[in-house]
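Working notes, beginning with the structure itself.
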Amino acid sequence: MFSILEAAGWPIWPLLAASIVALALIIERFISLKTAKVAPPKLLDEAMAVSRDAVPVPDVVTQLEQNSALGEILASGLRALNSNPTCSESDLRATLEAAGRTVAHRLEKYLSALATIASAAPLLGLLGTVVGMIEIFGSQAPAGSSAGVANPVQLAHGISVALYNTAFGLIIAIPALIFWRYFRGRVDEYLLTLELASERFVRHLATLRR
């Protein structure tokens, strides 16, 4: 492996750093975007059951808030009713929407960085290709010496730099792009689920106002 890195030259190091960052982001997103951490399937029904007759006590609301992203949104509505039992339905909806925007920002965290790596990796590979081409042309002997014969060692090194960096750039960019599209679709699906759940919960909370 080290021999490949050595043959690829210095342009491979930014690509290697990008690959490490991309791998870390992919692992982090897989952990953070688990369904249990974002929108547990039965949480909305459980929250509505607990608050069917009255607003739960603050300890129950805090427990709901710490459950998941959906729980955080639902808890914001319950807190609004605890602080102002006569608040209007539009105020409740605004409170849940504000909490939803915060959650949405957190769900989309690092996706732009992953997309940037997917876009930049081929360009970094192209940079390595250009560097390799420069070395190839630099391997040509000066005019009038040895009939312009190229230095074979420098020529081979230039070719390896060009090819290795092109390959590494694509190897990094393709998985990064695939995972970015996957996470983007998953986040969009979660956002729709959270929006529908919030709308249903607002209508439920409207019946608890005094």
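The values are calculated or read from the model by the stated rules, or taken from the named source; none is laboratory data. On a predicted model such as this, the values are computed, not experimentally measured, just so you know. Note: ideal-geometry Cβ built from the backbone for every residue, glycine included; neighbour counts use all protein chains shown.
Here are a few things to note about the model shown:
- Residue in the range 131-139 that is in contact with a strand residue (DSSP E or B) (Cβ under 9 Å, 6 or more places away or on another chain) and not in a helix (DSSP H, G or I) present: yes
- Selection from the range 1-57 of residues that are among the basic types (Lys, Arg) and either surrounded by 13 or more Cβ atoms within 10 Å (Cβ to Cβ) or modelled with pLDDT of 90 or more (or both): ARG29, LYS34, LYS37, LYS42
- Residue among LEU127, LEU163, LEU170, LEU114 that alone is modelled with pLDDT of 95 or more and within 28 Å of VAL21 (Cα to Cα): LEU114
- Single condition PRO85 does not satisfy, out of (1) part of a helix (DSSP H, G or I); (2) surrounded by fewer than 22 Cβ atoms within 10 Å (Cβ to Cβ): (1)
- Residue check, ALA94 assigned to a helix (DSSP H, G or I), of a type in the set (Gly, Ala, Ser), closer than 30 Å to LYS34 by Cα and touching a Gly at 6+ places or on another chain (Cβ under 6 Å): no
- Selected residue (only one of ARG106, ARG79, ARG101 is more than 30 Å from TYR182 (Cα to Cα), modelled with pLDDT of 90 or more and either assigned to a helix (DSSP H, G or I) or within 23 Å of the chain's Cα centre (by Cα) (or both)): ARG79
- The single condition among (1) surrounded by 15 or more Cβ atoms within 10 Å (Cβ to Cβ); (2) within 19 Å of LEU44 (Cα to Cα) that ALA98 does not meet is (1).
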